[in-house]
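First up is the structure itself, then whatever we jot down about it.
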Amino acid sequence: MYEIDPSKTELADEFRDNPDGPYSPELTLVINRMRLMPMAERHVLICIERGRRWMLARIPAARGAPIERFEEQVFSDHAVAVQELFRRRWHTLTGEELA
Amino acid sequence: MKKILGYADSWSLAPGDRVGFKISTYGAERYRADLVRVVCGDNHPEHDILRLDEIDAPFAGEYPGRLQPIDAGSYAVVPHASAFDGLDSFTVLAWVYPTTPANGRQALIAQWQDEPATGFALMLDDAGALALRVGDGRGNVAEVSSGERLAERRWYLVAGSYDVATKTISVSQQPQGGSFDPLRAASASASAGGFVAAQTELLFAALRADLADGRPGSACHFNGKLDRPRLAAGVLGEADINAVAAPEDPCAQYPGLIAAWDFARDTGTDVISDTGPNALHGRTVNLPSRGCKGFNWSGEEQNWRHAPGEYGAMHFHDDDLYDAGWETDFEYVVPDDLESGVYAVRLRADDDESYVTFFVRPPSGKTTAKLAFLVSTATYLAYSNYQWLFHQRYAEVTESFWTTLEKTDVFLQEHPEFGLSTYDTHADGSGVRYASRLRPILNMAPTTPYWSFNADTHILGWLEQQGIDYDVVTDEDLHREGAALLDPYRAVLTGTHPEYYTTPMLDGLRDYLAGAGRLAYLGGNGFIWRCAMSDSYPGALELRRAEDGIRYRDEEPGEYYLEFTGEYGGLWRRLGVPPQAVVGVGTVAVGFDESGYYRRTADSFDPRAEFIFDGIGEDEIIGDFGYLGDGASGSEIDTVDPLLGTPVHALVVASSEGHSANTLIVPDEIGFHHAAMDGVQNPLVRADMTFFETPGGGAVFSVGSIAWGASLPHNGYDNNVSRISANVIARFLEEAPFDMP
């Protein structure tokens, strides 16, 4: 199964420059890998205000448990919010921070 | 984040009807209620098309808030009877099939009272082992456990007994056998101080517990199946246990039987019947699933009606919910002069806002427009409180998106007692078969994402903007009244996604079209699944996703027949009435990132189709814009298929292109998957805009795309998707019949 090579930061650059795709074949693999993470490890967004504000959050392992909210991580630009998801998931999967 | 929610006790109302609204607040001391007419529920600030018209209503005003809890989880109740009072030595037994034995204490059969501790409770203990608890009425509780956890999804015959002579309690569990699993029988005994029967009801699959507001509720729910529970006087040995647990005539096997419940009887209702001498009948609560395979299912029959003796099990879930049972906060009698349309009670508490949506028909026996908008309430129910997006690991790659939760999703994650949709799985992994409107439904409201209900308000907003008069009727009305509901209308308009149809609904629509009816299907993935409604469970929908299609989860093999009707569930395509035979087109592909656009075909220049393209250029690209994937052909798209019944004279007047690599052919279309199933490579990935006449002077127009409606508001509703839709509706509302070619 494909795993992300943390040295290939040019893929993160591609995502930053073109967050909505279409993506190169390898960036597609990276994004699909991120989208297949177990739910309990995923950072996600909460839409606070339609089309205007999104908060970073994380889904818990169990149904009924509270969603972890990152009250200080609220974005007014959806593209920036998605970049943060990409960055967080990259770290979860590779153990390395993107610059 | 959510401070207020509510629901209405009815969805479809006519002038003069009375509806009750049931409201709960979460931390807010007061709330305000108002009535709005829903014209368009799209609240994206850049679209600037949200329109909720305030309407005077006598209930409008401020109210004190209160928490109304929900007693979720299914169970069954047998009222207290004198037959329980004489219990001294006894044995209680059943076949059980636990689906979450590691989930902690789960009651199987209990006639138990806490204060004072009396009665018995046969249950799974904290370790998932069979246990029996008894109370002596003097504050002493004794419990014995088999010490051996039951295996998940395996049948066991379990029994618990109390011997008054020795004051001994015992349990035994016997795996059914017949598999390769190394399962062991286990038993245990212990001393008890005594036993006093409880002066209370007997419950299956739960214990009684008070809700936060003091009403009786339930706790310690069992996840799994129970089959053939029995209660007998005396202590039964292994031979007697096996004899009375057998399928046939248990009372003849052991004369001391007090009760022998047969869950196979009364399938489709909330009744449970006792075949024993005391007639200890009862009721189920919160719709446990019936028509379920019992311990003895042979596989020779797939239909519970043909072999009821092999379908004696009931499947309970701790997250089942039929009726939230809230008290009414205020009522509303629909005034005679209220226009037919979509309405909502707007609830405001602190910084939060919620809507309780309902539908107002024209006055009984009348129409107030030539056009009926058929509201897809069956589909809204199927999707009600949809949580698949944040439960299912593969949701993001399916939808090509990054999970973005609504506030309502956050609330549902944190409040599983509000129940699930038919797209979800129960906490034990089994598919959800029932959805009820007798609870708050957080995603059937204006200002929610553009799917199902709120996507349909793009069409409502367009009708209003165009000045097209319409009446509103619902799927539930069509189910009850059939073609008689639609016959007075010259034309019927669907929403964006009329996916779920009961047999009476589909028969009613087809009968309407067999007359002079005209149908404009401005949606996609329509007329797909057979569902069922039942007079035994008003407000509930049942679905069994048999065999094929985008099922989201497996249906349990052997349980493909609907409990409510006894019908075989699944795709209408597999049941002999493909959507292609009804509206010309049926679903071929789904994809949620980018939508395509339509291009006219040679058929569009046929004189029969001229009216559709009035004002549209010969080479004009149609619908390369919109709020769902930036195109009018997308999300879920349909094509013609003569093999599946598209009428031979149907004109494909436009087809779509420009679909993405993430738009993939649906499972129903695939005999063998391959590497060219996407919108970039496969010519089948397209929507066919289709038109045909019917022998009675009617006609059908289909766009075959969910995204069509989200293109209507583009450019202030001035665009070619709007123009084509208006052309079709205008012609369909004319009296002149359509002639067959």
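What follows is calculated from the coordinates using simple rules that are stated; it is not laboratory data. Because the structure is predicted, anything quoted here is derived from the model rather than measured. Note that we place each Cβ from the backbone using ideal geometry, even for glycine, and neighbour counts take in every protein chain shown.
Taking a ≥ b ≥ c as the square roots of the eigenvalues of the Cα gyration tensor, segment B:409-510 is oblate, since a/c reaches 1.5 or more and a/b is not larger than b/c. Of the two radii for chain B, the radius of gyration is 1.02 times the Kirkwood radius, both from the alpha carbons; that is the Rg over Rh value. Report summary: the helix-based calculation at 222 nm, which adds -39500 (n - 2.57) for every DSSP H run with n ≥ 4 and divides by the residues of the protein assembly as shown, gives -4000 deg cm²/dmol. Taking the Cα-to-Cβ direction at A:ALA99 and at B:GLU300 and moving 7 Å from each Cα, how far apart do the two end points lie in nm? Result: 7.4 nm between the two label points. Sequence gap at least 6, Cα distance under 8 Å: using those rules, report the relative contact order of segment B:594-723 to the nearest whole percent. In percent, rounded to a whole number, it is 32.
Partner aspartates and glutamates whose Cα lies under 17 Å from the Cα of B:LYS167, excluding those fewer than 8 positions away in the same chain, are identified as B:ASP88, B:ASP136, B:GLU143.
Separation of segment B:392-438 from segment B:247-305 is 32 Å, based on Cα centroids. Whole Å is fine, so just give me how far the alpha carbon centre of segment B:586-644 lies from that of segment B:325-356. Cα centroid to Cα centroid, the span is 38 Å.
P(r) for segment B:371-732, from all Cα pairs and a bin width of 20 Å, is 31, 61, 7 %, short bins first. Straight Cα distances below 27 angstrom link B:LYS366 to none of the lysines, with same-chain residues fewer than 8 positions distant left out. Against chain B, whose longest principal axis comes from its Cα atoms, helix B:720-732 is set at around 90 degrees.
Look at the stretch A:30-40: the mean tally of other chain Cβ atoms within 10 Å of its residues' Cβ atoms is 3.
Cross-link partners of A:LYS8 among aspartates and glutamates, defined as those whose alpha carbon lies under 20 angstrom from its own and excluding same-chain residues fewer than eight positions apart: A:ASP17, A:ASP20, A:GLU26, A:GLU84, A:GLU96, A:GLU97. For the protein assembly as shown, state the average projected area of the convex hull of the C-alpha atoms over all orientations, rounded to one decimal in nm². Result: a mean projected hull area of 36.8 nm². Residues whose amide H falls under 5 Å from that of B:SER421, counting only those 5 or more places apart or on a different chain, are B:GLN387, with hydrogens built in the peptide plane. The convex hull around the C-alpha trace of segment A:10-94, projected and averaged over every direction, spans 6.0 square nanometres. Rounded to whole numbers, the Karplus 3J(HN,Hα) couplings from phi for segment B:49-63 are 10, 4, 9, 10, 7, 6, 10, 5, 8, x, 7, 4, x, 9, 9 Hz, using 6.51 cos²θ - 1.76 cosθ + 1.60 with θ = phi - 60°, and x at Gly and Pro. Checking every one of the trypsin sites (Lys or Arg not before Pro) in segment B:411-500 against DSSP loop status and a limit of 12 other Cβ atoms within 10 Å picks out no site at all.
Calculate how large, on average over all directions, the projected area of the Cα convex hull of segment B:75-316 is; give the answer in nm² to one decimal. Show your work: numbers first, answer last.
Values: hull surface 49.7 nm².
The number I arrive at for segment B:75-316 is 12.4 nm².
Over segment B:122-220, what is the relative contact order in whole percent, taking alpha-carbon pairs under 8 Å and six or more residues apart? Mind dumping the intermediate values first?
Details: 188 pairs, mean separation 22.7, N = 99.
Relative contact order for segment B:122-220 comes out at 23 percent.
Between segment B:707-736 and segment A:23-99, the alpha-carbon centres lie 39 Å apart.
Size of segment B:262-317: Rg and Dmax of its alpha carbons, in Å, are 11.4, 33. First check a/c for segment B:672-718, with a ≥ b ≥ c the square roots of the eigenvalues of its C-alpha gyration tensor; if it is under 1.5, answer rounded, and if not, answer prolate when a/b is larger than b/c or oblate otherwise. Note, shape of segment B:672-718 comes out oblate.
What's the exposure ranking of B:CYS251, B:CYS531, B:CYS220, going from fewest to most Cβ atoms within 10 Å? Walk me through the numbers on the way to the answer.
Working: B:CYS251 17, B:CYS531 29, B:CYS220 23.
With the sparsest Cβ surroundings first, the list reads B:CYS251, B:CYS220, B:CYS531.
Computed across segment B:157-213, the Kirkwood radius stands at 14.6 Å (inverse of mean 1/r, all Cα pairs). Sorting B:TRP451, B:TRP402 from the fewest to the most surrounding beta carbons within 10 angstrom yields B:TRP451, B:TRP402.
So how do B:LYS225, B:LYS366 line up by other beta-carbon neighbours within 10 Å, fewest first?
Details: B:LYS225 27, B:LYS366 12.
Ascending Cβ contact count within 10 Å gives the list B:LYS366, B:LYS225.
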